[in-house]
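The values are calculated or read from the model by the stated rules, or taken from the named source; none is laboratory data. This structure is a prediction, so every number in the text was calculated from the model and none was measured. So basically every Cβ, Gly included, is an ideal-geometry build from the backbone, and we count neighbours across all protein chains shown. Heavy atoms of the whole protein, side chains included, go into the accessibility calculation; ligands, DNA and RNA do not. Shrake-Rupley method; radii C 1.70, N 1.55, O 1.52, S 1.80 Å.
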Amino acid sequence: MSRLNIGRDHWNGSWGNCDGTSPCRRQLNETIMKRILVTGGAGFIGSNFVRMVLSEHPDCFIVNLDKLTYAGNLENLAEFLEYQNHKFVKGDICDGTLVEKIVDEYRIDSIINFAAESHVDRSITEPKIFVETNITGTLTLLEVARDKNLERFIQISTDEVYGALGPEGKFTEQTPLSPNSPYSASKAAADHLVRAFGHTWGVKYNITRCSNNYGEYQFPEKMIPLMINNALNDKELPVYGDGLYVRDWLYVYDHCAVIWQILQKAPPGEIYNIGGCNEKTNLEVIDVILNRLGKPKSLIKHVTDRPGHDRRYAIDASKIISELNWRPSVGFEEGINKTIDWYLQNQDWLGNVVSGDYQKYYESMYGNR
Ligand code: NAD
Ligand code: DAU
């Protein structure tokens, strides 16, 4: 594995198993149609995206740049690490020299920026790293995209930049940005930078604002995998406040599929809301999990609410539906059952992820709640 960890400190002008002279490089030069830098490709959505592209679009070459924070996990991509059209680089999106070297060396034509600090609760206890990665990191990537005149820069943003809704209404792309948490504020700042680089320097960008994703390989700090893991271990399920907060849930594969379509077909400068048309309260979701696992409702424990907790998110996805003819392909019942079954069948993965630092995190977040 160590030869794949080619961060700045390890830079020696060559790239793991593909140094420009190896057969894989010569072979690839003749067939590769797209050369994408995916950032954060060892995280939840990024690894699902990398897996989807490598499985379905073998004419695409991916460099996967990931810092491997607590949320990044190469086990998510185990079977894809030796693919000739996939190069993993351990590094930080804030490292402009490294990003520029990757873009030059691999003649990257597009960047898809998944890399982020992504958990709202952590942004409340430790906001600074959110500013560094989500704002400075995006700025760093944009500077390279501008200087190298890349074909496309896709920013994976979030519906949380719009703030919170009451019982009625949905977010459209025209809804003013009104982020409420340090996480969503940092994502909104990044969105503004992306738009500004398009306006000022003509960087060809798209921004996607998606609702809550669920599916395989999600780190169990997020609600669905956390509740699955706790229920599997007969631990209490910590429901914030009254549990009647509403999220719109989208199966991660559908999010990945539409990002690919945007890369292929969307005109530059367009922003797209993406959602599952699938609003549920947290208690409704937890009910499904408990039923599937055959666990009692008595495991539910209402705990102190998240400060500033957004009551409801809902997405008007009519723009992407009409312009790109996209629709979610996996309904909630199918998606959640697949997800729960995956966690049941991958308890080694889960066991590795929740060992060590996760226990400390859990104790600090939930110990006195
Ligand atoms: P995640 O936390 O699972 O993964 C983030 C990845 O980024 C990790 O692999 C981590 O190691 C990497 N990373 C963090 N800081 C980095 C840095 N400085 N340099 C390089 N890599 C770094 O997140 P996710 O849930 O997969 O979310 C991916 C993106 O999608 C994020 O931008 C998030 O804001 C956005 N998003 C997520 C959801 C959701 O429901 N999970 C919904 C909408 C949008
Ligand atoms: O809407 C998109 C966003 O969805 C993404 O941008 C974020 O990266 C992603 O983390 C997610 O944010 P949420 O805050 O909505 O997700 P989370 O899974 O943390 O929480 C979902 C709901 O469940 C929310 O109302 C808070 C609640 N919750 C969460 C946890 C972790 C609980 O009740 N108990 C918990 O232990």
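Data table
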item: Among residues of the range 109-142, those that are open to solvent by less than 10 Å² (accessible area, probe 1.4 Å) and away from ligand 2 (no atom under 12 Å from the Cβ), counted; result: 8
item: Among residues of the range 143-170, those that are touching a Gly at 6+ places or on another chain (Cβ under 9 Å), open to solvent by less than 30 Å² (accessible area, probe 1.4 Å), more than 9 Å from ligand 1 (Cβ to nearest atom) and outside any strand (DSSP E or B), counted; result: 1
item: Hits in the range 43-89 (condition: within 16 Å of ligand 2 (Cβ to nearest atom) and out of contact with any Ser or Thr (no Cβ under 9 Å at 6 or more places or on another chain)); result: Ser47, Asn48, Phe49, Tyr70
item: When residues of the range 296-334 are limited to those that are away from ligand 2 (no atom under 16 Å from the Cβ) and among the charged types (D, E, K, R), the one nearest to Glu168 (Cα to Cα); result: Lys319
item: Filter result for Val103 (touching a Lys or Arg at 6+ places or on another chain (Cβ under 7 Å), assigned to a helix (DSSP H, G or I), closer than 20 Å to Ile156 by Cα and more than 16 Å from ligand 2 (Cβ to nearest atom)); result: yes
item: Criterion: more than 30 Å from Val285 (Cα to Cα), open to solvent by 30 Å² or more (accessible area, probe 1.4 Å), among the polar types (S, T, N, Q) and more than 12 Å from ligand 1 (Cβ to nearest atom) - qualifying residue of Thr200, Thr175; result: Thr200
item: Yes/no for Phe61 being in contact with a Lys or Arg (Cβ under 7 Å, 6 or more places away or on another chain) and over 21 Å from Leu141 (Cα atoms); result: no
item: Whichever residue in the range 235-256 is of a type in the set (A, V, I, L, M, F, W, C) and either crowded, with 19+ Cβ neighbours inside 10 Å or touching a Lys or Arg at 6+ places or on another chain (Cβ under 6 Å) (or both) and, among such residues, is nearest to Glu284 (Cα to Cα); result: Val246
item: Tally of residues being of a type in the set (Ser, Thr, Tyr), part of a strand (DSSP E or B) and within 14 Å of ligand 1 (Cβ to nearest atom) across the range 236-254; result: 1
item: Residue in the range 5-19 that is modelled with pLDDT of 95 or more and more than 19 Å from the chain's Cα centre (by Cα) present; result: no
